[in-house]
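One structure below.
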DNA sequence: ATAATATGGTGAT
DNA sequence: TCACCCTATTATC
């Protein structure tokens, strides 16, 4: 679930559903009991996403949430029992949200927010993001481009799915040293990231396959048809039918087409 | 039942 | 480069 698009969509959905009225905040699991007590009865005045970081401003206290690999922030359907795993529950009259398995859920001082965001690379989903900083950061790196795209200090919000998909779409070999990319290739990656992450926010899921390649609009694609290479090792490339390859790049599995990406 | 896996990141070795 | 954290779902005995 969580790459940058997820967090930006969450910021939007939390703000629109929770409004600005006082909220009930609890920690059914108990591991955020003190923080929840501080937030209880306050209202949400702003929800802001920076890459994969989410900051919720409760009119004073600020909550920092990072979902990590398995965290989820979702609206429980119906009104069954509240699972023991819910770290944070926020509710108003009509809406409830459950946060489970987050890597981070803690109150921070206002200064800590900028401390965190200052270290992040540009986030293509934020207004005023600086693509030139992304391009310059790549030019300084000898690490493989596939590793650089996962580095949140270089570009914020890309995860393991998008990095593989972007490199396929741009026809770039994942192990190419970042500094070896031409400036136009680096800029193309930025523009692609911006367009794809925006679409991810809109659809609330990752769909990278183009309407041309899929033969149907992106929103209607089945899960299995939504991606070009991610987790498709051994299967034929959608463009050239060569077998998709898997390898470790930057400590994570990466997938690519050895023919389209060289 | 138990294990493996996951769109992430940190801290120790 | 590894071990580890957190939870839910799927795969394998």
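The values are calculated or read from the model by the stated rules, or taken from the named source; none is laboratory data. The structure displayed is predicted, hence computed values, not measured ones. Neighbour counts run over all protein chains shown; Cβ positions are idealised from the backbone, glycine included.
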Practice problem: Look through A:69, A:54 and report the one residue that is within 17 Å of residue A:5 (Cβ to Cβ), assigned to a strand (DSSP E or B), outside the structural domain of residue A:159 (by TED's automatic domain parsing) and within 15 Å of DNA strand B (Cβ to nearest atom). | Solution: A:54
Quiz prompt | Top-ranked residue in segment A:130-167 [being surrounded by 24 or more Cβ atoms within 10 Å (Cβ to Cβ) and touching a strand residue (DSSP E or B) at 6+ places or on another chain (Cβ under 6 Å); ranked as farthest from residue A:240 (Cα to Cα)] | solution = A:146
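Any residue in segment A:184-202 that is in contact with a strand residue (DSSP E or B) (Cβ under 8 Å, 6 or more places away or on another chain) and assigned to a helix (DSSP H, G or I)? Steps first, please.
Keep residues of segment A:184-202 that are in contact with a strand residue (DSSP E or B) (Cβ under 8 Å, 6 or more places away or on another chain), which gives none.
Looking for residues that are in contact with a strand residue (DSSP E or B) (Cβ under 8 Å, 6 or more places away or on another chain) and assigned to a helix (DSSP H, G or I), one finds none in segment A:184-202, hence no.
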Quiz item: Yes or no: residue A:101 within 15 Å of DNA strand B (Cβ to nearest atom), under 28 Å from residue A:195 (Cα atoms) and within 18 Å of the chain's Cα centre (by Cα)?
Solution: no
Quiz prompt | segment A:57-66, subset in contact (Cβ under 8 Å) with a residue 24 or more places away in the chain and part of a strand (DSSP E or B), residue nearest to the chain's Cα centre (by Cα) | solution = A:66
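For the structure I just gave you, tell me whether residue A:41 is free of Cβ contacts under 8 Å to residues at least 12 places away in the same chain, assigned to a loop (DSSP other than H, G, I, E, B) and not assigned by TED's automatic domain parsing to the domain that holds residue A:196.
Values: free of Cβ contacts under 8 Å to residues at least 12 places away in the same chain: no; assigned to a loop (DSSP other than H, G, I, E, B): yes; not assigned by TED's automatic domain parsing to the domain that holds residue A:196: yes.
No.
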Quiz item: Would a scan of segment A:2-12 turn up a residue that is under 23 Å from residue A:193 (Cα atoms), at pLDDT 95 or above and in a loop (DSSP other than H, G, I, E, B)?
Solution: yes
Exercise. State whether the residues of segment A:231-254 include one that is away from DNA strand C (no atom under 16 Å from the Cβ) and either in contact (Cβ under 8 Å) with a residue 40 or more places away in the chain or in a helix (DSSP H, G or I) (or both).
Key: no
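Looking at segment A:40-53, can you tell me whether even one residue there is farther than 27 Å from residue A:201 by Cβ and surrounded by 15 or more Cβ atoms within 10 Å (Cβ to Cβ)?
At the first step, the residues of segment A:40-53 found to be farther than 27 Å from residue A:201 by Cβ are A:40-41.
Add one more test, that the residue is surrounded by 15 or more Cβ atoms within 10 Å (Cβ to Cβ), and what stays is A:40.
There is at least one residue in segment A:40-53 that is farther than 27 Å from residue A:201 by Cβ and surrounded by 15 or more Cβ atoms within 10 Å (Cβ to Cβ).
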